[in-house]
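First the structure, in the form of structure tokens, and then the observations on it.
The values are calculated or read from the model by the stated rules, or taken from the named source; none is laboratory data. These figures come from a predicted structure and were not determined experimentally. For neighbour counting, all protein chains shown are included, and Cβ atoms are generated from backbone atoms with ideal geometry for every residue, glycine included. Heads up: the accessible areas ignore ligands, DNA and RNA and are worked out on the full protein's heavy atoms, side chains in. Shrake-Rupley method; radii C 1.70, N 1.55, O 1.52, S 1.80 Å.
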Amino acid sequence: MLDVWIDSIISGILLGLVYGLAAIGLSLIWGVMKVINLSHGAFIALGMFTAYFLFAFGLNPYLGVPIIFALGIILGIAVYFVALHRIIDAPELSTLLSTFSISLFIIGLGTFVWTTIPYAIDIHVGSISIGNITILGTKVIAGIVSIILTILLYIFLYRTKTGKAVRAVSMNRVAAELMGINTTRILALSFGIGIALAMTAGALIATIFPFTILSGGVYELKSFVICVLGGLGSPIGALVGGLILGIIENVITLQIPTGLVPFIEFTILVAVLLIKPSGLLGGEV
Amino acid sequence: MIVLETRDLECGYGEVKVLWGVSIKAKKGQLTTIIGSNGVGKTTLLRAIMGIIPVWNGDILFYGEEITKMPTHSRVEKGLVMVPEGRMVFPHMTVLENLEMGAYTKRAEEKKDEQLEFVFDLFPRLKERMHQKAGTLSGGEQQMLAIARGLMSCPEILILDEPSLGLSPKLTLEIFETVKKLKDEGLTMLLVEQNVHLSLAISDYAYVMAEGRIKMEGTGEELEKSEEIRKAYLGI
Ligand SMILES: Nc1ncnc2c1ncn2[C@@H]1O[C@H](COP(=O)(O)OP(=O)(O)O)[C@@H](O)[C@H]1O
Ligand SMILES: [Mg+2]
């Protein structure tokens with residue numbers, strides 16, 4: 001019995017790291033741009049399909065991570081200029097509607113091309129066994145890749161000139177512009193990185209679970225719950241929030257049906273918003 | 001030589017016009033001051049000069065070159081630098097990181113070490129608090145940081161929007177002494193202040209603004225002697 005628990009907790013931690021990665025993307029976009037990205041789930045799903053097709057062409061999805069990340073940045077920057085740039089100073093409702101329509105567009109097109117039947121990446125990387133506990137290799141790698149990407153993001157934000165400019169824009173856009181920072185470029189880049197994180201998280205999840213073009217919605221909800229747990233705008237908070245959610249989710253499904261998970265996630269979301277709207281961990285970029 | 005000039009500048013917010021044709025000049029090596037009560041459009045004028053808000057009519061010239069439609073960051077790249085009202089330091093960055101952000105442009109980055117030494121000399125208190133988060137500084141220290149950060153940008157002209165706002169009389173004097181010191185170093189400055197007496201005393205040239213228009217102009221001395229100014233602003 002204890003083994004089952006330990007097994008669930010380890011699985012929860014590994015999956016939580018991946019959920020955290022997706023949530024960091026959402027959190028970064030909010031923190032820098034003050035945009036609530038309702039297309040996050042659609043891009044997570046797009047990441048899943050990108051990994052699927054890279055795999056079909058013979059590329060290992062883990063080796064494909066840099067490609068998917070780069071693709072995400074390019075796609076995100078393009079979407080920024082098409083759908084967000086002109087309304088970035090408008091009230092938040094405008095950007096909310098705009099990202100929602102991006103989501104409808106991607107999901108509509110995806111449904112047309114791939115229908116909504118489930119896809120799966122048939123990858124085998126073995127598993128790790130310690131005593132009676134067996135952890136799937138795909139989960140282990142997904143967790144490790146998430147940690148590496150999070151560390152790289154931190155190095156970027158705190159050690160590089162462009163990364164510092166991203167933080168400056170998140171704190172005060174006018175002041176950042178007054179430093180000579182081209183804030184339009186920084187906003188576009190931040191959206192690109194946020195989308196890249198969503199797509200990469202999607203790709204990692206696709207190596208573990210089957211998916212459809214609609215799957216992103218589930219993970220978008222998780223991202224929102226995580227951000228609320230960790231405090232919107234704080235990457236490290238998002239990672240910790242991801243761990244908490246991953247563990248809760250994997251432990252409670254030992255006792256209750258999986259179908260109830262979204263209900264519980266919503267309950268956590270509402271409860272945290274009622275008790276401490278700034279997030280349990282608070283914090284800022 | 002004229003560093004900065006506005007010609008019949010008109011602008012505002014939404015439908016509301018705030019500036020009704022403002023013309024000012026700031027000459028090289030001089031301290032030019034704009035005084036005027038609350039809400040007359042001083043900050044709006046500076047925002048237009050920096051390109052933070054669009055100009056409706058009129059021109060802005062920098063060393064004779066028209067920059068009316070240039071994006072803000074490009075103006076900064078050229079050396080047009082503003083220390084905004086309300087300081088706007090980056091609260092979650094350290095003092096040193098804030099200063100580094102000031103040296104963001106290529107032009108400023110080249111002289112970063114030199115400038116850093118200069119501003120730490122000017123504000124030794126900032127050196128002591130180098131690794132402290134800017135948000136934890138006192139109001140006076142944040143103002144010093146905002147000025148120091150502006151200096152890090154290697155300004156051709158430094159624009160200061162009410163640097164003494166909200167500061168104690170003692171700190172206000174300190175800020176004015178710093179401005180005087182920078183003037184003596186030969187820095188070109190455009191100062192916006194409500195502290196009329198202190199500003200006129202150190203200004204080379206001054207403008208009086210009311211209701212979005214320039215109402216009077218002259219050397220600091222001339223304005224200080226003017227009957228109108230004495231009645232309206234100095235309460236003598
Ligand atoms: N962001 C804004 N939106 C709308 N009106 C503004 C804004 N900022 C200032 N104003 C208005 O413009 C006028 C001039 O303000 P401002 O330039 O800040 O004056 P000052 O700096 O001289 O105190 C005021 O009537 C003020 O209410
Ligand atoms: Mg003002």
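Results, tabulated for the structure shown:
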{"quantity": "In Å, descending, principal axis extents of the Cα set of chain B", "calculated": "47, 41, 34"}
{"quantity": "Dipole moment magnitude, nearest 20 debye, the range A:15-224 about Cα centre, only Lys, Arg, Asp, Glu C-beta charged", "calculated": "500 debye"}
{"quantity": "For the range B:25-139, fraction of C-alpha pairs farther apart than 16 Å, in %", "calculated": "70 percent"}
{"quantity": "By average C-beta atoms within 10 angstrom, highest first, the peptides A:43-55, B:192-204", "calculated": "A:43-55, B:192-204"}
{"quantity": "Computed log₁₀ I(q)/I(0) - Debye formula, equal Cα scatterers, no solvent, the range B:93-226, q 0.15, 0.16, 0.20 Å⁻¹", "calculated": "-0.76, -0.85, -1.18"}
{"quantity": "List of the range B:83-112 residues, accessible area with partners at least 30 Å² below that of the chain alone (1.4 Å probe)", "calculated": "B:MET88, B:PHE90, B:HIS92, B:MET93, B:GLU97, B:MET101, B:TYR104"}
{"quantity": "Solvent-accessible area per residue, Å², over the range B:152-236 with all protein chains present [probe radius 1.4 Å]", "calculated": "46 Å²"}
{"quantity": "Surface share of carbon and sulfur [accessible, 1.4 angstrom probe, percent] for the range B:85-154", "calculated": "47 percent"}
{"quantity": "Estimated dipole of the protein assembly as shown in Debye, rounded to 20 [Cβ of Lys and Arg +1, of Asp and Glu -1, Cα centre]", "calculated": "300 debye"}
{"quantity": "Segments B:29-36, B:5-12, A:226-233 sorted - mean Cβ within 10 Å per residue, highest first", "calculated": "A:226-233, B:29-36, B:5-12"}
{"quantity": "Contact order normalised by residue count of chain A, Cα under 8 Å, 6+ apart, percent", "calculated": "40 percent"}
{"quantity": "With 10 Å bins from 0: P(r) over the range A:15-224, alpha-carbon pairs, percent", "calculated": "9, 35, 34, 16, 5, 1"}
{"quantity": "Most to least packed among B:45-55, A:234-244 [average Cβ atoms within 10 Å]", "calculated": "A:234-244, B:45-55"}
{"quantity": "Farthest toward positive dipole pole in the protein assembly as shown [+1 Lys/Arg, -1 Asp/Glu at C-beta], among A:THR184, B:GLN143, B:MET50", "calculated": "A:THR184"}
{"quantity": "About the Cα centre, charge dipole magnitude for the range B:6-130 (Lys/Arg +1, Asp/Glu -1 at Cβ), debye", "calculated": "280 debye"}
{"quantity": "GNM result for chain A, Cα springs below 10 Å: residue of A:ILE275, A:ILE123, A:ILE135 fluctuating most strongly", "calculated": "A:ILE275"}
{"quantity": "Within a Gaussian network of chain A (alpha carbon springs, distance under 10 Å), most fluctuating of A:PRO91, A:PRO61, A:PRO118", "calculated": "A:PRO91"}
{"quantity": "Shielding by partners, peptide B:172-179 (average Cβ within 10 angstrom, other chains)", "calculated": "0"}
{"quantity": "Karplus 3J(HN,Hα) series, Hz, for the range A:221-232 with 6.51 cos²θ - 1.76 cosθ + 1.60 (x for Gly, Pro)", "calculated": "4, 4, 4, 5, 4, 4, 5, 5, 4, x, x, 4"}
{"quantity": "Rounded if a/c under 1.5, otherwise prolate or oblate - the protein assembly as shown, Cα gyration tensor axes", "calculated": "prolate"}
{"quantity": "5 angstrom amide H check on B:VAL81, placed H, neighbours 5+ away", "calculated": "B:GLU156, B:ILE157, B:ILE159"}
{"quantity": "Amide H partners (placed H, <5 Å) of B:MET93, local residues excluded", "calculated": "B:ALA134, B:GLY135"}
{"quantity": "Neighbouring partner chain Cβ atoms per residue of A:95-106, average, 10 Å criterion", "calculated": "0"}
{"quantity": "Amide proton proximity set for B:ILE34, modelled H, under 5 Å, gap of 5+", "calculated": "B:LEU191, B:VAL192, B:GLU193, B:TYR207"}
